[in-house]
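Some notes on the structure that comes next.
The values are calculated or read from the model by the stated rules, or taken from the named source; none is laboratory data. All figures in this text were calculated on a predicted structure; none of them were measured in a lab. To get the accessible areas, we keep the full protein, side chains included, count just its heavy atoms, and leave off ligands, DNA and RNA. Shrake-Rupley method; radii C 1.70, N 1.55, O 1.52, S 1.80 Å.
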Amino acid sequence: MNERANLSLAQMDQMSLFHPVTSIDDLEQNGPQIYTAGSGVELTRDSGQVLLDMGAGLWCVNVGYGRTELVQAGAEAMQKLSFQHFFGGASAEPTIRLADRLLGLFRDTVPGSDMARVFFGNSGSDANDTAVKLVTYYNNLRGKPAKKKIIARTGAYHGLTVASGSLTGIEGYHKAFDLPVKGVLHTSCPHYFAFSGQGESEAAFTDRLIAELEAMIAREGADTIAAFIAEPVMGTGGVLMPPEGYFARVQDVLTRHDILLIADEVITGFGRTGQWFGSGTYGLRPDIVSLAKGLTSAYFPMSASVISNRMWDVFAGASGKTGAVMHGFTYSGHPVGAAIALANLEVMAREGMVENAARLAPVLLDALRASVAGNPHVGDVRGVGLMAGVEFAGFPAGSAPHRVVAKHAMEEGVLTRALPYMPVNAFSPPLCVTEAEILEAGRRYARALKAATPALDALRG
C-alpha cells in the first residue's frame, strides 16, 4: 500500500516540494497556502476563501487570471507547432511577429527609442544574465576587454541567478551564496524618504547621489566600467520612485564615460506605470531593456532582451570574423510562449489596460492613503500607475511590521506583498482591476491594519 495515499495535499507539499524564497522552518510549522483557482483579480484558496490579489502574483498577471484568449492562443500554438528552437537561424512565425511587435511598441511609446533586435529567454533573471553577457561581448568586440564592471544600486532587485543575483542589491539574497561576484558594484539606493539627510531637499539628495556615482567611476576608472543597470521604479526594493532629476543626471554621466544603460523593465514593462514602458515614463534612453512578467502576463515563462542599434551595429559588424554568437537557451523564442504573448498584448491594447492603469493610479493611492489615515506606524504612501507601496516607519531593524500587516491582510481577504528590503507592503493589482475592486481592497487593508495595531505597538516598544 502506498504510504502517501492518505496524505493531505499540504502534507505532501511539506514532504516533497522545495519552495523558492521560503523559510523551511516556517513551512514546516505553518504549512503552505494552497490556491486552487483564479479569475480576474480574485484567487481562491483550498479553504474556499476568495482573496483580492493586489499583487498580480509577483507583479506579473497583468491581464488578470483566467483569460480564455490566452489559453486558446496557447492551445492552438501547441497543436500547430509545439516547439521550435532558434539556433542556427531556425525560426517560427509567432516569434517573428512578437519581436516585430515589441520593437514597434518601443518606437511608438518611448521617445527617442533606438532599438534594433529582440532576444528571447525564459525569465527576468536570465534576461539580466543575457544583458551582462551581451555587455561583455560588446566591449570585447570593441577591443575594450577591461571595460566589464557593472554598477547596480543598493535595494535593487534584478533576479536570483549568479549574475542577476549579484546585480541585486539586497543583502538577504547574497547571504550564504557567496554573492555578489567580482565585477559588480553597488551605489546608494535613491530612496528620498528613507535616506535623505535632515533638511536635505530632493534636488540636493539627487546631487549627492550623482556625486557619489561620479566618485565611484573616478575611483574604479571609467575604462573598467561597462554598464549601469536600473529599474525605472525599484519594485521589490520598496516601490521606490526616482528622485527629482535623477535619471536625466545619471544618463548624462553614463554618456560622458561611455557606459551603457541597462533598463530592467521586468516589473515596469507592459503598462505597470501607466505607460507601456517605464522607460517612457521616466525618459530613459536604454541600450538594452530586460522584459518578462507582463510580456505573457505569466501565462507562459518568457523573457525578452531588447537590444539597441548602438550594440547591434557592433555585433553585426564583427560577425564575419567572430561567427555565431554563442549564447542562447533551448526555449529561446518558444513559439507557444510567443503566441500567448501576442494574444496578451492584443487583450491589453483592445481593452485599454495601460490607460486603465493610468486612470486608476490616483484611485489606488487615495484608497491606500485613506486606509492608513492617522495611523502612527505608516510613514509614507507612494506610487505610479498601478504600482504602490505603504512604508512603515519608526520600528527597530528586523522587526518586520509589514509582514505582520500582510498576514492580517490575508485574513481580511486581500493579498499584499511584504517586501524584503524596506518595511513596505506592495500593491500592484492586475491592470484589469476596477475602481470598485481597488476601493474594496482599501477597506480590507484598513481592517487589517487596525487588527494589526496592537502587535505593531508592541514591536515599536
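Table for the structure above
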item	result
Order of exposure, largest accessible area first, which applies to W312, W59 with probe 1.4 Å	W312, W59
D_trans [Stokes-Einstein, Kirkwood Rh over alpha-carbon pairs] for the chain, 4 °C, 1.567 mPa s, µm² s⁻¹	56
In Å², nearest 10: area of I307 left accessible to a 1.4 Å probe	10
Surface accessible to a 1.4 Å probe, per residue, for the residues of the range 48-137, Å²	46
Under the span-like rule (Cα at least 15 Å along the axis, Kyte-Doolittle mean at least 0.0), DSSP H helices of the chain	202-220, 335-350, 353-372
Stretchable slack from E220 to K133, in nm (0.36 nm times residue separation minus alpha-carbon distance)	29.3 nm
Descending semi-axes in whole angstrom, ellipsoid equivalent of the range 173-330, from the Cα gyration tensor	28, 22, 17
Carbon + sulfur, % of accessible area of the chain - ligands and nucleic acids excluded, 1.4 Å	55
The range 297-343 - accessible surface per residue (Å², probe 1.4 Å)	42
Contact order relative to length of the chain, as percent, for alpha carbon pairs under 8 angstrom and 6 or more apart	21
Placed amide H near K149: partners under 5 Å, 5+ positions off or other chain	I225, A226
The range 1-57: Cα Rg divided by the 2.2 N^0.38 Å rule of thumb	1.33
For the range 212-288, alpha-carbon Rg relative to the globular expectation (2.2 N^0.38 Å, N residues)	1.13
Solvent-accessible area of D207 with every protein chain in place, 1.4 Å probe, in Å² to the nearest 10	80
Alpha-carbon Rg/Rh ratio, for the range 178-224, with Rh computed the Kirkwood way	1.07
Whole-percent pair-distance distribution, where bins are 10 Å wide, for the alpha carbons of the range 91-166	16, 33, 41, 10, 0
